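The structure appears below as structure tokens.
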Amino acid sequence: MNRLIIVGAGGHGKVIADNAVKNGYRDISFADDRATETCMGFPIIGTTDGLLQWNDGATDFVLGIGNNAVRKDIAQKYNVNWVSLIHPSAQIGLHVSVGKGTVVMAGAVINACARVGEHCIINTGVIVEHDNRLEDYVHLSPGAALGGTVRIGALTHVGIGAVVRNNITVCGGCTIGAGAVVVRDIHDSGTYIGVPARRMK
């Protein structure tokens with residue numbers, strides 16, 4: 001198996017390292033702009049500026065950065081072999097597609113005919129029901145639940161324990177607060193909180 005470099009040695013990167021080990025990776029390193037030496041017992045070999053020097057065809061890369069905009073910036077800046085990681089305990093239904101660079105964490109469920117874009121985060125215990133469409137750089141926090149036939153626009157972050165009712169569309173660039181319940185389509189980017197979710201002014 002190829003070497004794996006995780007870009008970002010923060011909390012999200014640590015969870016990805018665990019996911020990678022369970023996917024059979026043994027040669028794991030981190031690249032991080034602030035941390036030094038080691039993370040989770042794995043070496044930090046340099047900063048993001050040096051990614052291309054390790055792009056040797058025998059190295060895989062994955063983004064361990066939770067911030068959607070930063071993740072997009074790095075993914076588009078560096079043409080390397082971005083790979084997806086799906087935790088062995090995740091449940092992936094029939095006819096599901098998962099884009100490159102996306103990570104699916106422990107206990108997540110992605111049901112039949114859902115499509116998940118590139119460099120998304122499907123975090124611990126998330127439920128993505130049938131026929132969902134998640135655009136690129138979406139981040140679903142732990143315990144978030146999307147009903148059937150939901151559409152989530154690019155760069156949207158759905159907070160911990162938030163719920164999106166079936167047949168709902170959420171546009172790109174939104175933040176759905178922790179525990180919020182979305183029961184109506186969201187057409188304007190912004191931060192939405194509460195039950196039912198309303199835009200913060």
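Annotations for the structure displayed:
- Each of VAL158, VAL15 was scored by other Cβ atoms within 10 Å of its Cβ. Listed from fewest to most, they are VAL15, VAL158.
- Alpha-carbon geometry of the range 84-193: the Rg and the Dmax are 12.1, 36 Å, given in that order.
- Label-to-label distance for ILE45 and VAL181 is 4.9 nm, based on points extended 7 Å past Cα in the beta-carbon direction.
- Bridging of LYS14 to lysines at a Cα separation below 17 Å is possible for LYS22, once same-chain residues fewer than 8 apart are set aside.
- The angle between the Cα long axis of helix 68-77 and the main principal axis of the chain comes to about 50°, on a 0 to 90 degree scale.
- Taking each DSSP H run with n ≥ 4 as -39500 (n - 2.57) and averaging over every residue of the chain yields -3500 deg cm²/dmol at 222 nm.
- Normalising by residue count, the range 13-101 has a Cα convex hull of 117 Å³ per residue.
- For the range 66-148, the convex hull drawn through the C-alpha positions has a volume of 75 cubic angstrom per residue.
- Within the chain: Cβ-based charge dipole about Cα centre, in debye rounded to nearest 20 (Lys, Arg +1; Asp, Glu -1): 560 debye
- Here the residues ASP73, ASP32, ranked from fewest to most Cβ neighbours within 10 Å of their Cβ, fall in the order ASP73, ASP32.
- Taking 0.36 nm per residue of sequence separation and removing the Cα-Cα distance, the ASP56/LYS77 pair yields an extension gain of 5.9 nm.
- 0 to 90° range, to nearest 10: angle between helix 11-22 axis and the chain longest Cα axis: 70 degrees
- Phi angles across the range 96-108 convert, under the Karplus curve 6.51 cos²θ - 1.76 cosθ + 1.60 with θ = phi - 60°, into 3J(HN,Hα) values of 8, 10, 10, x, 4, x, 7, 10, 10, 8, 4, x, 6 Hz, Gly and Pro given as x.
Here, each number is a calculation from the coordinates, and none is a lab measurement. For clarity, every value in this text was computed on a predicted model and none was experimentally measured. We place every Cβ from the backbone using ideal geometry, glycine too, and count neighbours over all the protein chains shown.
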